[in-house]
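**Q** The following block contains the structure, expressed as structure tokens.
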Amino acid sequence: MATRATNQSPAHVEALNAVPIDFYKDKQVMDAWEEYFMHLTSEPGNNPTWGPRRVDLFVKLLALIGAKVGYDFNVAQMNRIYFPNGRSRHR
């Protein structure tokens, strides 16, 4: 959750790579992680829906993980991210 604004940062990548370790027995989380992973490793090409689909899959994964560890974040809270404009133009 803390690294969601910096999806290419080392901390974010490490967190994603830890999901199969931390949730290996949870089929729902693992299925969502696999779907997100498959999307991330696909080529976006000129597909204008690739980015929004990435965000949707990530939010789905976050919601499942959050629920498993006792958080009740809604989609609006997960999409509400502060990131200084001078740092990046991409999300």
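**Q** Check off (1) free of Cβ contacts under 8 Å to residues at least 24 places away in the same chain; (2) under 10 Å from the mean Cα position of the chain (by Cα); (3) not in a loop (DSSP other than H, G, I, E, B) for Tyr36 and give me the number that stays unchecked.
**A** (1)
**Q** Looking only at region 20-50, count every residue that is among the aliphatic types (A, V, I, L, M) and within 21 Å of Asn74 (Cβ to Cβ) and tell me the total.
**A** The total comes to 2.
**Q** Could I ask something else about it? Look through region 55-91, keep the residues that are at pLDDT 90 or above and among the basic types (Lys, Arg), and return whichever of them is nearest to Asn7 (Cα to Cα).
**A** This residue is Lys60.
The values are calculated or read from the model by the stated rules, or taken from the named source; none is laboratory data. None of the values given here were measured: they were computed from a predicted structure. Cβ: placed from backbone, ideal geometry, glycine included. Neighbour counts: every protein chain shown.
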